[in-house]
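Notes for the one structure printed next.
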Amino acid sequence: MQLSPLLDELGTYPFARLTHARERAVARGVRLIDFGVGEPREETPAFIREALVRAIQDEPVSRYPLAVGLPELREAIAAWLRRRFGVRLDPGIEVLPTLGSKEAIHGLAQVLIGPGSPRDLVAVTTPGYPVPGRGARSAGAGVVEVPLDPQSGWLPAFDALGPEIWRRLALIWVNLPGNPTGATAPLAFYRELAERCRGEGVVLASDEAYSEIWLDGDPPASVLQVEDPTHVLAFHSLSKRSSMPGYRSGFVAGDPLLIAALKQLRPSVGVAPQTFVQRASIAAWGDEEHVRETRARYRAKRDLLLPAVRAAGLEPAGGEATFFLWCRTPGGEDAEAFAERLLAHGIVVAPGTFFGAGGEGHVRIALVPTLAECERAAQAFAGFSQ
């Protein structure tokens, strides 16, 4: 039997390695507090679960969901974008529901790059979410890693790419607010980058899954706020905003030509949320109070942990958005070695190298355990620092 060599090239997904490390620690009898994987563990609000139950009861015959999603969901998403960002999109041609955002992010390169494509490169940031790069490689594209600069607030310097790279670029990925850094970007950043991408014939894709989890300051901007949406796509998800990771519900919005291309591909893949999940999503996009409450809980966990994290020798180095603490290791210690030392004290964090070479010397702490677990973790960090 022959398997694709790409499987060996991609290797094990970084967070699968973290799972294995946790299992080994548990086998040694270590009681863990897991800040590693950024999966929200907040309770899904009751009104969303109730909407899901009603939708199941109202659908005695379960049918295949259409790839374009329910019109009511597209309208609810467009209404939320109007309220949140002040942008007006046509729900019929500029909005497409997705099965969360991960699968849509992974698959975008397939729409833009094929055998013999003159544009065969995808730019991603480092440190950064690994899925855009892995998706690009699965589509046969080359990956260009653009370092994030801590001196400029962890923003990427795409201007540093030479003209020969720009001529081959099909797609540029940004992730702001950023995983793992928590960085945000001013609207001017999106406007300048979108204008450059339009001029160069490059698609600008913005992963905005954390746009609603800012803990201080002003609400983050969206790439959809640029005046001309040509060549622009934004990806959003309910996983973080509404504590719905298991529901797998998100959307992509922007350039109608790109949305049309995605609509052409997606029926072949069969990746639309179930109808009852879509109806629960309509309820979620229509409410903001639960999002404010979620932000307040993450803020309380951050404020509780920060003194203990600093006492352990870690220095917060990221921004104020997302539920991540992005921290420099003491003395620039190797990220994976430091994470292993913390693991021996029952604290699981993600080494910065899981997010690319640009993450060396850092770890990411995801504020997803309960407040009670964070209190216990603060004591564990204190023990680690002694």
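Out of all the residues in segment 187-200, is one or more open to solvent by 10 Å² or more (accessible area, probe 1.4 Å), outside any helix (DSSP H, G or I) and of a type outside the set (Gly, Ala, Ser)?
For segment 187-200, residues open to solvent by 10 Å² or more (accessible area, probe 1.4 Å), outside any helix (DSSP H, G or I) and of a type outside the set (Gly, Ala, Ser): absent.
Among the residues of segment 80-93, are any over 30 Å from Gly319 (Cα atoms), within 24 Å of the chain's Cα centre (by Cα), modelled with pLDDT of 95 or more and open to solvent by less than 50 Å² (accessible area, probe 1.4 Å)?
Within segment 80-93, one or more residues are over 30 Å from Gly319 (Cα atoms), within 24 Å of the chain's Cα centre (by Cα), modelled with pLDDT of 95 or more and open to solvent by less than 50 Å² (accessible area, probe 1.4 Å).
Can you tell me how many residues within segment 107-129 are open to solvent by less than 20 Å² (accessible area, probe 1.4 Å) and touching a helix residue (DSSP H, G or I) at 6+ places or on another chain (Cβ under 6 Å)?
Residues meeting the conditions: 7.
Taking segment 311-327 only, how many residues are part of a strand (DSSP E or B), over 14 Å from Phe338 (Cα atoms) and of a type in the set (D, E, K, R)?
0
Filter segment 263-280 for residues that are of a type in the set (A, V, I, L, M, F, W, C) and at pLDDT 95 or above; which is surrounded by the most Cβ atoms within 10 Å (Cβ to Cβ)?
Only one residue fits best here, namely Ala280.
Every residue in segment 14-37 that is out of contact with any helix residue (DSSP H, G or I) (no Cβ under 8 Å at 6 or more places or on another chain) and part of a loop (DSSP other than H, G, I, E, B), please.
Matches in segment 14-37: Arg28, Gly29, Arg31.
What pairs come up if the first residue lies in segment 176-187 and is at positive phi, the second is open to solvent by less than 10 Å² (accessible area, probe 1.4 Å) and in a loop (DSSP other than H, G, I, E, B), and their beta carbons are under 7 Å apart, counting only those six or more places apart or on different chains?
Close Cβ pairs satisfying both conditions: Gly182/Thr322.
Could you list, ordered by first residue, the pairs with Cβ atoms under 7 Å in which the first is in segment 352-366 and over 14 Å from Leu148 (Cβ atoms) and surrounded by 22 or more Cβ atoms within 10 Å (Cβ to Cβ) and the second is of a type in the set (Ser, Thr, Tyr) and modelled with pLDDT of 90 or more, at least 6 apart or interchain?
Val363/Thr329
Mind listing just one residue for me: the one in segment 201-219 that is open to solvent by 60 Å² or more (accessible area, probe 1.4 Å) and among the charged types (D, E, K, R) and, of those, farthest from Lys301 (Cα to Cα)?
Of everything passing the filter in segment 201-219, Asp218 is farthest from Lys301 (Cα to Cα).
Going by the conditions given, is Arg82 touching a helix residue (DSSP H, G or I) at 6+ places or on another chain (Cβ under 6 Å) and without any contact (Cβ under 8 Å) to a residue 12 or more places away in the chain?
Here the answer is no, as Arg82 does not meet what is asked.
Out of Ala283, Ala296, Ala311, Ala317, report the one residue that is farther than 30 Å from Ile48 by Cα, within 23 Å of the chain's Cα centre (by Cα) and at pLDDT 90 or above.
Ala317
Please determine whether any residue of segment 329-348 is open to solvent by 50 Å² or more (accessible area, probe 1.4 Å), in contact (Cβ under 8 Å) with a residue 40 or more places away in the chain and under 19 Å from Ala183 (Cβ atoms).
Checked against the condition, which is being open to solvent by 50 Å² or more (accessible area, probe 1.4 Å), in contact (Cβ under 8 Å) with a residue 40 or more places away in the chain and under 19 Å from Ala183 (Cβ atoms), segment 329-348 yields no hits at all.
Checking Ser152 against (1) surrounded by 21 or more Cβ atoms within 10 Å (Cβ to Cβ); (2) out of contact with any helix residue (DSSP H, G or I) (no Cβ under 7 Å at 6 or more places or on another chain); (3) not hydrophobic (A, V, I, L, M, F, W, C), which single condition isn't satisfied?
Of the numbered conditions (1) surrounded by 21 or more Cβ atoms within 10 Å (Cβ to Cβ); (2) out of contact with any helix residue (DSSP H, G or I) (no Cβ under 7 Å at 6 or more places or on another chain); (3) not hydrophobic (A, V, I, L, M, F, W, C), the odd one out for Ser152 is (1).
Does Arg167 fit the bill of being out of contact with any Lys or Arg (no Cβ under 9 Å at 6 or more places or on another chain) and without any contact (Cβ under 8 Å) to a residue 60 or more places away in the chain?
no
The values are calculated or read from the model by the stated rules, or taken from the named source; none is laboratory data. The structure presented is a predicted model; accordingly, all values stated were derived computationally and were not measured. Cβ: placed from backbone, ideal geometry, glycine included. Neighbour counts: every protein chain shown. Just so you know, the surface numbers come from the protein's heavy atoms only, side chains and all, with ligands and any DNA or RNA stripped out. Shrake-Rupley method; radii C 1.70, N 1.55, O 1.52, S 1.80 Å.
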